[in-house]
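The values are calculated or read from the model by the stated rules, or taken from the named source; none is laboratory data. Nothing here was measured: the structure is a model prediction, and the numbers come from that model. With ideal geometry, Cβ positions are generated from the backbone for all residues, glycine too; neighbour counts draw on all protein chains shown. Keep in mind that these areas ignore ligands, DNA and RNA; they rest on the heavy atoms of the full protein, side chains included. Shrake-Rupley method; radii C 1.70, N 1.55, O 1.52, S 1.80 Å.
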Amino acid sequence: AKKKQATKAILYNPDMHESVSRDLIIQQELKKVIERGELEFVYQPQVDATRTWITGVEVLTRWSHPVLGPVSPAEFIPIAETSGMMEKLTRYQLEWCLKKFSDWRQHFEFDGTIAFNISSSLFRNKNFIAFLEQVIKEYGIPFQQIELEITENIQLFSHKESVQTLERLREMGIRVAIDDFGTGYSTLSYLNKFPVDKIKVDKHFTDQIMVDEKGEAILVSIIKLANSLDLDVLAEGVETEDQRDFLLMNGCDDMQGYYFFKPLTLDECEQFYYEKVLK
Ligand code: C2E
Ligand code: CA
Ligand code: CA
Ligand code: CA
């Protein structure tokens, strides 16, 4: 009887059941909101902390479901990736955000960048890349103001065609940033083989400041490496003044994080610009 019960517990593990159906529900519901164009986007400023200057914004997706409530992109993006929804989601995001951005850059004479998170699978997709180029041109945005954030990924960098695509985009003037730098595989080895413009050092390293000396040493050496390879280096997840000061002292002036700005809605961005810039 005991054995039977154990089997039953495995088959009907209520936790497992719940998480499987949550993923499925998210998948189905997300499909609907993407089709209806009901996702929302927020913009987190990136700053140059020496000049306290906004150098760009990163687009992040937001979704609040009537029953599930707000669902984190850390949860739904992986589901969208495994169920083949990223192309549609990203196309919709580019179309929507570039339209807004084109109004914005004219209205505020904003010459900073707009950064998009692009799943690495999309670099293998010729139709998507063609769409990307076309939509940037359609809204008349200089390529230099577009940044693509890609997470380091061994498959991407060993896939010849993806690398060629990225090189071509860079030749057009589009900027390429490596996201979450330091968390993936073989982080340093490809930097000289594969030209990128910028690395975004993962929040994990920022969190080491004033906490762990060895962690700090690794962070400092990443910054030095980036500077010596003539790459821009941005620290993610900066939350405190101490972190800002440490980064500035060690040669990293590009930063992003709650210490400066949380991700803002378009209205909040405009409010900020009216108050701080136009006054
Ligand atoms: P990410 O690209 O590394 O984005 C940074 C995440 O850290 C964002 O979380 C942002 O809100 C959060 N963050 C920024 N500053 C701070 C800080 O000072 N402290 C803390 N604790 N967090 C901070 P978010 O928006 O929840 O996104 C999570 C991840 O989901 C992103 O990580 C990105 O990988 C993915 N993601 C979000 N939107 C999109 C999208 O539209 N497309 C793709 N492909 N991925 C997306
Ligand atoms: Ca990112
Ligand atoms: Ca990141
Ligand atoms: Ca810089």
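Worth a mention:
- Relative contact order (%) - the range 131-279, alpha-carbon pairs under 8 angstrom, separation at least six: 16
- Degrees between helix 2-11 axis and first principal axis of the chain (Cα, 0 to 90, nearest 10): 40
- Rounded to the nearest 10 Å², the accessible area of M85 at probe 1.4 Å: 20
- Think of a 1.4 Å ball rolled over the protein heavy atoms: the chain then has 55 Å² of accessible area per residue.
- Probe 1.4 Å, all protein chains present, accessible-area order of I77, I209, I154, largest first: I154, I77, I209
- Paramagnetic label zone (point 7 Å from Cα along Cα-to-C-beta, R170; backbone N under 13 Å) in the range 224-261: 229-232
- The angle between the Cα long axis of helix 213-228 and the main principal axis of the chain comes to about 50°, on a 0 to 90 degree scale.
- Inter-site label distance for D212 and D23 at 7 Å from Cα along Cβ, in nm: 2.9
- Rounded tilt (10° steps) of 73-82 against the dominant C-alpha axis of the chain: 70
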